[in-house]
Amino acid sequence: MREHDIIVIGGGLSGLRAGLEAKRQGADVAVISKVPPIRSHSVAAQGGINASIGTDDSWDSHAYDTVKGSDYLADQDTVEILCKEAPERVYEMENWGTLFSRTGDGKIAQRPFGGAGFPRTCYAGDRTGHNLLHTLYEQVLRAGVRVYNEWMVTRLATDSNRCTGFVALNLLDSELETFRAKAVILATGGYGRIYQRSTNSIINTGFGISLGYRAGVPIQDMEFVQFHPTTLWGTNILITEGVRGEGGYLYNKDHERFMDKYAPESMELAPRDIVARSIQTEIDEGRGFTGGYVQLDITHLGKELINERLGGIRQICIDFAGVDPITEPIPVQPGHHYSMGGISSGKDGLTPLNGLYAIGECACISVHGANRLGGNSLLDTIVFGKRAGEHAANAVKNIAMPSEDSLNESLAEERSNIDSMMGDGGESFADVKDELRQTMQKYVGVYRNREDLETGLANVKALEKRGENIHVKSRVKTFNMELMNVLEVKGMLDIARVITEGALVREESRGAHYRTDFLERDDENWLKHTLAYMKDGGPKLEYKDVTITQFKPMRREY
Amino acid sequence: MVYLKIKRQDESREWYDTFETKETPGMTVLEALFYVQEHMDGSLCFRYACRGAVCGSCGMLINRVPRLACRTQVGIAKKENTREGSGDIFVAGQKSEEENEVILIEPLANLDVIRDLIVDMDSFYNLVDSIKPWISSPEEHPEGGNLMDPDLREQIEKYTNCILCACCHGACPVAARDDTYLSPATLAKAWRMHLDPREDNASRQERLNFVDSESGVWGCDLVYKCVAVCPKKVPPTLGIKALREEIEKNKEN
């Protein structure tokens, strides 16, 4: 049994920021991750991070944009924290070495992003995530945080409503071990890979969310799934919103700049949910190109600007679509991008389970509500990562290390769980996974309605049944990827079920959740968060109020 | 059709397996490996994460050239000469005209193999970490953040783009003969930290002293293989030469 005061599960931006803060506050802290931290999905973030550091900007203007963008589902007290703490967190990252793009006089440069009333997005070319992640990892090395690379946490251990640690699989030799801790911080990212088309890394299966859910913690607002308007046709690699921020135009096959029909004021810089639906409508109504895409054109921006600020995008287009955006438009289509929902947690990342925190994309602190604005997710990771690390470091000072009993029990349960999966015959994880991803894409996507959601739910339930019969055929001990995949597919099924049921019950259209059979937002009945608890036979849904402070819900127009 | 000839290795033996896969339009080597892993042999292992050439997990030898599997198209790789049996890693411009349909896939060179295509990256990371690759800025930042000249930023950026995939290490003839050699990626990072105006002078000097050795900047053969294979266009050799000049300039003063 290994032990640390605090263990962070996940080595992306939020996890590293939490671990770093806890260490700075003097705690014995470790980070455990199934990939080395610099391989985390945070590295793929392109466009930027919001902070109201401009002279004419203010935190409450940032908060207003965020709340309006969220279609009024965000909790306004946590949004206030996000926006107030943004400048300090960004300056801190800058001071630690992040290579932000600069204005002519050497200050951090900012670019416009969708749904924002000010060019508020700080950026490092189109490699903002890469720069932030490497910077934070460097500082984690400097601080001497212990990092366990290539371990997959498979089960949280609990004792009398307290998280006592977890069981983890060492991918190197497939041995299970227990980790005991006074506090555990989940920072495992999103679940993009339950959708067929996703900008997410292949590793984003949402397993951390299912860990919390299985430990009895509610998961919140899971029906709100963000589809990014512009993913590269074919591979669905992200084409940053920064491309539109720099002045890119969207065209349909008749060379119409169609956004003037949908968001005449904001055009291409309307929030993501609106642009994604607009593109999807163009495609669905026959004005897309053959194969289902529209064009994102930056040829008018010129070679110099493209190379300077969008060099990574240019390379992606060349490598993955054979298109050079200096001379040709980029083929794009909407794809899954971000999970607004996640493990229900508060302003310091605390979940209802004592000793368990959740931050970053795996969490729902509810700063993004029904639709996240671009540039706010990177901000979310470092603001709430820092807060969770600090809170946990203070909390563990007065707590004794939990007893070993619950951990030993969990270890025995997990051993028997894995033993029962090994064997020939049965279902293959790949078939179940592929069918799940197709189901979610087809029936629980950009546009939803009762009939589709009911079909989707029936499919997910059928896949859950098949999921019980998946076997791991490979007996190798070293890096048994099949075993890891089988464990993850089971978690993917849990999450898909909750998303689909939540979406079926919510009879309104709000932010990214758009029902063609309930076109309007319904504040009277649905200005509330969904909470899903894991029960035998499926999720139990409950609802709780949205915290509203200074911004009264209004009709959302752009 | 395309044939993947994959080098396999476990605790006790090394061998090659050839898998026949159907080629789909735009298919990458990483996708082909997933196909094999999911449908033909679940025991095959390799690293991956982003599939978009930003995370650096899937560096491997493809036709004896170190590169990222996620951005190498099967259709292109199968037309190349596999250079099977060649002792040399990466020979520039050696492509055959006719389709041979076989792609040779092996683990990155100059690192110990753990199993199949998975190499011991810890030894590589340890080399990188040995130069204390972080900015040792003071706790407090200036009001409104540090300022940085945009031109200087541009110089630093070339090196910041490194994703630590170790393709350069796998191509480096010095790393092949000397496992204490710090590696092109490490030295590129040293130059990146050296250039940064936020770095404090003592740490900058300490790092410069550290790389002033045969395992450091003086070990480099200056053959530019690292520059040629870098998937992010980082030029380690230029950084190494700049560090050498900086060290010599220091000694003259």
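Couple of notes before you dig in:
- Convex hull volume per residue in cubic angstrom - Cα atoms of the stretch B:115-191: 124 Å³
- Largest-first principal axis extents, alpha carbons of the stretch A:416-526, Å: 55, 20, 20
- Rg/Rg_ref, the protein assembly as shown, where Rg_ref = 2.2 N^0.38 Å and atoms are Cα: 0.90
- Set B:Lys189/B:Lys241; A:Lys433/B:Lys232; B:Lys5/B:Lys79; A:Lys182/A:Lys386 screened for pairs whose C-alpha atoms are more than 23 Å apart: A:Lys433/B:Lys232
- Given charges at Cβ of Lys, Arg, Asp, Glu: the protein assembly as shown dipole, positive-most of A:Val444, A:Thr55, A:Val140: A:Val140
- Top positive-direction residue, dipole computed over the protein assembly as shown with Cβ charges, set B:Ala185, A:Gly192, A:Phe479: B:Ala185
- q = 0.12, 0.14 Å⁻¹: log10 I(q)/I(0) that the Debye formula gives for the stretch B:120-252, counting C-alpha atoms only: -0.45, -0.61
- Kirkwood Rh, angstrom, the stretch A:1-105 [1 / mean 1/r, Cα pairs]: 16.1 Å
- Only DSSP H runs of four or more residues enter the estimate; each adds -39500 (n - 2.57), and after division by the residues of chain A the mean residue ellipticity at 222 nm equals -11500 deg cm²/dmol.
- Ordered by solvent-accessible area of protein heavy atoms (1.4 Å probe), largest first, the residues B:Phe34, A:Phe224 come out as B:Phe34, A:Phe224.
- Along principal axes, Cα extents of the stretch A:230-334, largest first, whole Å: 33, 29, 22
- Percent accessible area from carbon and sulfur atoms, the stretch A:463-537, protein chains only, probe 1.4 Å: 49 percent
- Bridge type composition, chain A - antiparallel percent by DSSP, nearest 5: 65 percent
- A:Ser198 sits with roughly 0 Å² accessible to a 1.4 Å probe, with DNA, RNA and ligands left out of the calculation.
- Listed residues B:Ile6, A:Ile548 arranged by accessible area, highest first, probe 1.4 Å: A:Ile548, B:Ile6
- The stretch A:173-217 and the stretch A:1-50: distance between their alpha carbon centers, rounded to Å: 13 Å
- Accessible area buried, both sides summed, chains B and A with 1.4 Å probe, Å²: 5000 Å²
- Using heavy atoms of the protein chains and a probe of 1.4 Å, the accessible area assigned to A:His368 is about 10 Å².
- Computed from the C-beta positions of A:His471 and B:Asn100, the FRET efficiency with R₀ = 35 Å rounds to 0.40.
- Stokes-Einstein D (µm²/s) once Rh is taken as the Kirkwood radius of the stretch B:203-253 over alpha-carbon pairs, at 4 °C in 1.567 mPa s: 111 µm²/s
- Between B:Glu14 and A:Asp324, the C-beta separation translates, for a Förster distance of 45 Å, into a calculated FRET efficiency of about 0.60.
- Largest to smallest in accessible area, the residues A:Arg415, A:Arg555, B:Arg207, A:Arg155 fall in the order A:Arg555, A:Arg415, A:Arg155, B:Arg207 (1.4 Å probe, all protein chains included).
- When the P(r) of the stretch A:169-267 is calculated, the portion above 23 Å amounts to 50% of the C-alpha pairs.
- Measuring only protein heavy atoms, the 1.4 Å probe finds B:Trp15 accessible over about 60 Å².
- Dimensionless Rg ratio for the stretch A:46-126, taking C-alpha atoms and the 2.2 N^0.38 Å reference: 1.08
- Gyration tensor over alpha-carbon atoms, the stretch B:2-115, equivalent ellipsoid semi-axes in Å: 19, 17, 15
The values are calculated or read from the model by the stated rules, or taken from the named source; none is laboratory data. Bear in mind that the values here come from a model prediction, so they are computed numbers and not experimental data. Every residue, glycine among them, receives a Cβ derived from its backbone with ideal geometry; neighbour counts consider all protein chains shown. Keep in mind that these areas ignore ligands, DNA and RNA; they rest on the heavy atoms of the full protein, side chains included. Shrake-Rupley method; radii C 1.70, N 1.55, O 1.52, S 1.80 Å.
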